[in-house]
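Q: I am attaching a structure below and will ask some questions about it afterwards.
The values are calculated or read from the model by the stated rules, or taken from the named source; none is laboratory data. It should be emphasised that the depicted structure is a prediction, and the values quoted were computed from it without experimental measurement. We place every Cβ from the backbone using ideal geometry, glycine too, and count neighbours over all the protein chains shown.
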Amino acid sequence: MIAGNWKMNKTPSETVALLKELKAINPGKVEMVVCPMTVSLFAAAPLLKGTEVHLGAQNVHFEDKGAFTGEANAASLKELGVEYVILGHSERRQYFGETDETVNKKTLHCLKNGLKPIVCVGESLSEKQRGITNEVVCLQTKAALSGVSGAQISDVVIAYEPIWAIGTGMTATAQDANATISAIRRAIREVYGDAAEQVRILYGGSMNEKNASELMRQPEIDGGLIGGARLVASKFEQVIHY
Ligand code: PEP
């Protein structure tokens with residue numbers, strides 16, 4: 001899977017223009033996912049129906065409905081044709097008070113409503129320097145998955161995104177990314193056994209058309225979550241064709 005996180009970019013009309021370009025890409029065996037802003041999903045969905053481009057959102061609330069001003073629920077995303085939802089991105093954890101607890105609630109809410117969560121986990125620079133990367137990401141993973149059943153686990157995607165690598169141009173080495181993702185898979189295996197092999201674990205953090213092929217060669221890395229390289233169709237295409 002190669003998923004593009006568009007963050008707070010592209011108005012609905014700009015979304016349509018970019019998707020027209022992206023639709024022309026032949027993804028081959030790669031599952032291609034695009035995650036525009038919530039307000040642009042309405043414009044994106046009809047354009048992607050029946051194509052090989054899958055639609056994702058960048059957030060969802062964890063309640064079915066009610067007095068939660070400014071939020072969107074999973075049933076509405078599902079009705080629009082959304083398939084995936086990015087959860088717990090470090091920008092949401094940093095700026096919008098997302099916690100392991102809310103990420104867990106949102107994960108369960110997505111699965112209950114037939115949406116597939118892309119759960120982001122990752123260590124800060126100081127946690128990396130203190131040598132506690134695996135502890136941090138495994139804890140985040142287990143917290144996010146609390147209450148997820150064995151039948152649901154294969155619908156979950158994890159994105160390992162070291163915070164210090166997001167939008168900085170600094171990428172984890174392919175070997176380090178592979179080792180951390182391997183630790184995450186072991187943590188999933190402790191709870192879900194062999195089903196851990198069905199969970200796709202992506203790498204994200206300054207992944208681009210230049211380093212994608214080395215990262216994707218690693219046995220544990222099942223895909224990429226792409227920020228910076230997602231808004232230019234030709235660059236995204238090069239990542240898809242890593
Ligand atoms: C992201 O925001 O999920 C991300 C990976 O960003 P970038 O590729 O720009 O580091």
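Q: Do we find that Glu135 is in a helix (DSSP H, G or I), at pLDDT 95 or above and within 14 Å of the chain's Cα centre (by Cα) in this structure? Full working, then the answer.
A: Values: in a helix (DSSP H, G or I): yes; at pLDDT 95 or above: yes; within 14 Å of the chain's Cα centre (by Cα): no.
When the stated conditions are applied, Glu135 does not pass them.
Q: Can you find, within the stretch 133-171, the residue that is surrounded by the fewest Cβ atoms within 10 Å (Cβ to Cβ) among those that are among the β-branched types (Val, Ile, Thr) and touching a Phe, Trp or Tyr at 6+ places or on another chain (Cβ under 8 Å)?
A: Initial filter on the stretch 133-171 (among the β-branched types (Val, Ile, Thr)): 133, 136-137, 141, 148, 153, 156-158, 163, 166, 168, 171.
Adding the requirement that they be touching a Phe, Trp or Tyr at 6+ places or on another chain (Cβ under 8 Å) leaves 137, 153, 157.
Working: Val137: 23, Ile153: 18, Val157: 26.
Only one residue fits best here, namely Ile153.
Q: Moving to a separate point now. Count, please, the residues in the stretch 119-148 that happen to be without any contact (Cβ under 8 Å) to a residue 24 or more places away in the chain and either on the phi < 0 side of the Ramachandran plot or in contact with a Cys (Cβ under 8 Å, 6 or more places away or on another chain) (or both). Step through it out loud before you land on a result.
A: Filtering the stretch 119-148 down to residues without any contact (Cβ under 8 Å) to a residue 24 or more places away in the chain leaves 126-127, 129-132, 135-136.
Next, only the ones that are either on the phi < 0 side of the Ramachandran plot or in contact with a Cys (Cβ under 8 Å, 6 or more places away or on another chain) (or both) stay: 126-127, 129-130, 132, 135-136.
The number of residues fulfilling the criteria is 7.
Q: Further, regarding this structure: Look through Asn26, Asn9 and report the one residue that is in a loop (DSSP other than H, G, I, E, B) and away from the ligand (no atom under 13 Å from the Cβ). Don't jump to the end; show me each part of the working.
A: Values: Asn9 fails: away from the ligand (no atom under 13 Å from the Cβ).
Being in a loop (DSSP other than H, G, I, E, B) and away from the ligand (no atom under 13 Å from the Cβ) holds for just one of Asn26, Asn9, which is Asn26.
Q: Sticking with this structure for a sec: Taking the stated definitions as given, is Glu220 acidic (Asp, Glu), modelled with pLDDT of 95 or more and not in a loop (DSSP other than H, G, I, E, B)?
A: No: the conditions fail for Glu220.
Q: Shifting gears a bit: Answer yes or no as to whether Thr99 is under 18 Å from Gly205 (Cβ atoms) and of a type in the set (Ser, Thr, Tyr).
A: So Thr99 does not fit the description; no.
Condition check ((1) within 30 Å of Arg217 (Cβ to Cβ); (2) more than 14 Å from the ligand (Cβ to nearest atom); (3) in contact with a His (Cβ under 6 Å, 6 or more places away or on another chain); (4) without any contact (Cβ under 8 Å) to a residue 40 or more places away in the chain) across all residues:
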site	(1), (2), (3), (4)
Arg93	yes, no, no, yes
Pro117	yes, yes, no, no
Pro162	yes, no, no, no
Arg185	yes, yes, no, yes
Ile188	yes, yes, no, no
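Q: For the stretch 230-242, what are the residues that are surrounded by fewer than 23 Cβ atoms within 10 Å (Cβ to Cβ), touching a residue at least 24 places away in the same chain (Cβ under 8 Å) and not in a loop (DSSP other than H, G, I, E, B)? Write out each step before concluding.
A: As a first pass, look at the stretch 230-242 and keep what is surrounded by fewer than 23 Cβ atoms within 10 Å (Cβ to Cβ): 231-235, 237-238, 240-242.
Subset that is touching a residue at least 24 places away in the same chain (Cβ under 8 Å): 231, 233, 235, 237-238, 240-242.
Within the stretch 230-242, Ala233, Lys235, Glu237, Gln238, Ile240 qualify.
Q: Hey, another quick one. Go through the residues of the stretch 146-159 one by one and say whether even a single one is modelled with pLDDT of 95 or more, acidic (Asp, Glu) and in contact with a strand residue (DSSP E or B) (Cβ under 6 Å, 6 or more places away or on another chain). Walk me through how you get there before you give the answer.
A: Within the stretch 146-159, the first condition is being modelled with pLDDT of 95 or more, and the residues that meet it are 146-159.
Now drop any that are not acidic (Asp, Glu), which leaves 155.
Filter once more, keeping what is in contact with a strand residue (DSSP E or B) (Cβ under 6 Å, 6 or more places away or on another chain): 155.
Yes, the stretch 146-159 contains a residue that is modelled with pLDDT of 95 or more, acidic (Asp, Glu) and in contact with a strand residue (DSSP E or B) (Cβ under 6 Å, 6 or more places away or on another chain).
Q: Being touching a Cys at 6+ places or on another chain (Cβ under 8 Å) and either closer than 22 Å to Gly224 by Cα or of a type outside the set (A, V, I, L, M, F, W, C) (or both) narrows it down to one residue among Ala196, Ala177, Ala187; which is it?
A: Working: Ala196 fails: touching a Cys at 6+ places or on another chain (Cβ under 8 Å); Ala177 fails: touching a Cys at 6+ places or on another chain (Cβ under 8 Å).
Only one candidate passes the filter, namely Ala187.
Q: Since Gly114 meets every condition but one in (1) surrounded by fewer than 20 Cβ atoms within 10 Å (Cβ to Cβ); (2) outside any loop (DSSP other than H, G, I, E, B), which condition does it not meet?
A: Only one criterion is unmet by Gly114, namely (2).
Each row is one residue, and each column tells you yes or no for (1) in contact (Cβ under 8 Å) with a residue 24 or more places away in the chain; (2) surrounded by 18 or more Cβ atoms within 10 Å (Cβ to Cβ); (3) away from the ligand (no atom under 16 Å from the Cβ); (4) not in a loop (DSSP other than H, G, I, E, B).
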residue: Ser40; (1), (2), (3), (4): yes, yes, yes, yes
residue: Leu55; (1), (2), (3), (4): yes, yes, yes, yes
residue: Asn59; (1), (2), (3), (4): yes, yes, no, no
residue: Glu71; (1), (2), (3), (4): no, no, yes, no
residue: Glu79; (1), (2), (3), (4): no, no, yes, yes
residue: Val103; (1), (2), (3), (4): yes, yes, no, yes
residue: Thr107; (1), (2), (3), (4): yes, yes, yes, yes
